[in-house]
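The structure appears right after this line, and notes come after that.
None of the figures in this text is laboratory data; all of them are computed from the coordinates on show. Note that the coordinates shown come from a computational prediction; the quantities given were computed from them, not determined experimentally. Note that we place each Cβ from the backbone using ideal geometry, even for glycine, and neighbour counts take in every protein chain shown.
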Amino acid sequence: MKIICGLSLVLALAACGVETAGTAATAAALKKQELEQAQQNQQQFQQKLDQATQQMQQRAERAGADN
């Protein structure tokens, strides 16, 4: 009887460990996706900023040429 109780306890604890590992892996995958999305957002923002800066420079050059 003690052996059965001991085995049951070991199996229950092992199952908890598997669940914890699965949860940690899922959380890590979500964090990776969040990081990738943030990097894409940063790249898009940088491109838009570069375009706006270029447009401002072109307008300034045109304004200087008109004078």
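Extending 7 Å from Cα along the Cβ direction at GLN47 and again at ALA63 yields two label points whose distance is 2.8 nm. Label-to-label distance, MET56 versus LYS2, with points set 7 angstrom from Cα along the beta-carbon direction: 8.0 nm.
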